[in-house]
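A.B. asks: Structure below; questions to follow.
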Amino acid sequence: MNLENAHKWVSVVARYVVYMLIIKGSSEVCAIGFNALHSEQSTDVYQIVYNTKKFLFITVLSIGFLIYNKQKVLGEDFLFWFIAHLITEYPEMEQTAPTINYGVGMACSFFEGYLVHVIPSDGAKFVGFEENMNIYEARQGIVFPVKRLFIVITKSLYCPPDLKHFNKNNRMDIPYLEACQSLEDVEKDVAGVKNRTYRNTAYKIYRPKKSPVYLAAECATPLHTLHRVLEKTSLYEELANVNVQNIVNDFCRMLRSIIAKSPECRNKCELVYFDDTDPTQNLADVLLDRIRLLEPNFENLKNT
């Protein structure tokens, strides 16, 4: 290696940089594609570009250097590089112990720490969520067209004390939410706490010139906690630079998977994504659309 061959060596390094970034980028694209297929949320292209702008700059710079100097961007050895990468990755995939990320951990905690206490019957004091809704219907003389707990996932992660916060101010011409009396309290002895109380809130969706629609709904408390954590990054420095969208995607994917596998909770919880950063979105309409999807005949249901 000498100065006379410097131009040649720089070209080789630039080409190998392109190789490595293409291989790295292909893995990231596969991961993003997987998340997009298993999540209701739209892919945030701007955030992806922002997070990868340094890699994109290096890639463009290297490709530009090669083209300017009339060198091949991809040589015949690229395929061998890619095969070698797959071979070296395989042992790591076999040996690496599975790790639980933040979103997956939150989903497991939410299910075991909350949903299992408010959805299935315990065979003793609590009759179960569905029967609890039946009791409420009989006492209040109303109908829940869909007997599921609607769990609202907001894009901003903000979870207000009352879902009426998402109503459009002074707009009586569109559907809006109002909290009703809560369902019967659930009391259980949990982790050393006697008679710990769990409660689900019933909501009424008012509609212009139509009868109201009732449902049980709430926000996902783990995401509410995450929102509070991200507001105090000086206290939680380790989470200051986390990819929030990935955490939410992992949380939703894992929670749906757990609920689908649980005989006691399957078809009794419904995750609903709501873009509260979009001023044209109305939570009451989003919930009505989901009710209409789950029970197309809901307008004709009567209390029996």
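The values are calculated or read from the model by the stated rules, or taken from the named source; none is laboratory data. Keep in mind the model is a prediction, meaning the values are calculated, not measured. Positions of Cβ are backbone-derived with ideal geometry, glycine not excepted, and every protein chain shown enters the neighbour counts. Heavy atoms of the whole protein, side chains included, go into the accessibility calculation; ligands, DNA and RNA do not. Shrake-Rupley method; radii C 1.70, N 1.55, O 1.52, S 1.80 Å.
A.B. asks: Kindly establish whether residue 125 is closer than 21 Å to residue 292 by Cα and exposed (fewer than 15 other Cβ atoms within 10 Å of the Cβ). Spell out the reasoning first.
C.D. replies: Numbers: closer than 21 Å to residue 292 by Cα: no; exposed (fewer than 15 other Cβ atoms within 10 Å of the Cβ): yes.
Criteria not met by residue 125.
A.B. asks: Could you grab me the full set of residues in segment 193-203 that are surrounded by fewer than 16 Cβ atoms within 10 Å (Cβ to Cβ) and part of a strand (DSSP E or B)?
C.D. replies: Selection gives 193, 194, 195, 196, 197, 198.
A.B. asks: Residue 106 is checked against (1) outside any loop (DSSP other than H, G, I, E, B); (2) open to solvent by less than 50 Å² (accessible area, probe 1.4 Å); (3) closer than 20 Å to residue 267 by Cα and fails just one. What number does that condition carry?
C.D. replies: (3)
A.B. asks: Given the conditions (1) surrounded by fewer than 12 Cβ atoms within 10 Å (Cβ to Cβ); (2) at pLDDT below 90, which single one is not true for residue 261?
C.D. replies: Exception for residue 261: condition (2).
A.B. asks: While we're on this one: Under 24 Å from residue 299 (Cα atoms) and in a helix (DSSP H, G or I), is that true of residue 164? It would help to see each step written out before you state the result.
C.D. replies: Values: under 24 Å from residue 299 (Cα atoms): yes; in a helix (DSSP H, G or I): yes.
Taking the combined requirement at face value, the residue satisfies it.
A.B. asks: Let me ask something else. Go through (1) assigned to a loop (DSSP other than H, G, I, E, B); (2) under 21 Å from the mean Cα position of the chain (by Cα); (3) surrounded by 13 or more Cβ atoms within 10 Å (Cβ to Cβ) for residue 266 and report which single condition fails.
C.D. replies: So the condition that residue 266 fails would be (3).
A.B. asks: Could you list, in sequence order, all residues of segment 167-192 that are assigned to a strand (DSSP E or B), open to solvent by less than 60 Å² (accessible area, probe 1.4 Å) and at pLDDT 90 or above? Talk me through it step by step, then tell me what you get.
C.D. replies: Our first condition is that a residue be assigned to a strand (DSSP E or B); within segment 167-192, this holds for 176-179, 186-190.
Pick out the ones that are also open to solvent by less than 60 Å² (accessible area, probe 1.4 Å) and you get 176-177, 179, 186, 188, 190.
Listed by number, the residues that qualify are 176, 177, 179.
A.B. asks: Still on this structure, please answer the following. Return yes when residue 210 is loosely packed, with under 13 Cβ neighbours inside 10 Å, closer than 30 Å to residue 105 by Cβ and not small (Gly, Ala, Ser) and no when it is not.
C.D. replies: Values: loosely packed, with under 13 Cβ neighbours inside 10 Å: yes; closer than 30 Å to residue 105 by Cβ: no; not small (Gly, Ala, Ser): yes.
When the stated conditions are applied, residue 210 does not pass them.
Each row is one residue, and each column tells you yes or no for (1) modelled with pLDDT under 80; (2) open to solvent by less than 80 Å² (accessible area, probe 1.4 Å); (3) closer than 30 Å to residue 211 by Cβ.
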{"site": "73", "(1), (2), (3)": "no, yes, no"}
{"site": "83", "(1), (2), (3)": "no, yes, no"}
{"site": "86", "(1), (2), (3)": "yes, no, no"}
{"site": "100", "(1), (2), (3)": "yes, no, no"}
{"site": "129", "(1), (2), (3)": "no, yes, yes"}
{"site": "145", "(1), (2), (3)": "no, yes, yes"}
{"site": "149", "(1), (2), (3)": "no, yes, yes"}
{"site": "154", "(1), (2), (3)": "no, yes, yes"}
{"site": "164", "(1), (2), (3)": "no, no, yes"}
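A.B. asks: Same structure again: Whether any residue in segment 273-290 is modelled with pLDDT of 90 or more, in a helix (DSSP H, G or I), surrounded by fewer than 13 Cβ atoms within 10 Å (Cβ to Cβ) and over 18 Å from the mean Cα position of the chain (by Cα) is what I want to check.
C.D. replies: yes
A.B. asks: Residue check, residue 117 against (1) modelled with pLDDT of 90 or more; (2) touching a strand residue (DSSP E or B) at 6+ places or on another chain (Cβ under 6 Å); (3) over 30 Å from residue 300 (Cβ atoms); (4) open to solvent by less than 20 Å² (accessible area, probe 1.4 Å), all met but one. Which one?
C.D. replies: All conditions are met except number (4).
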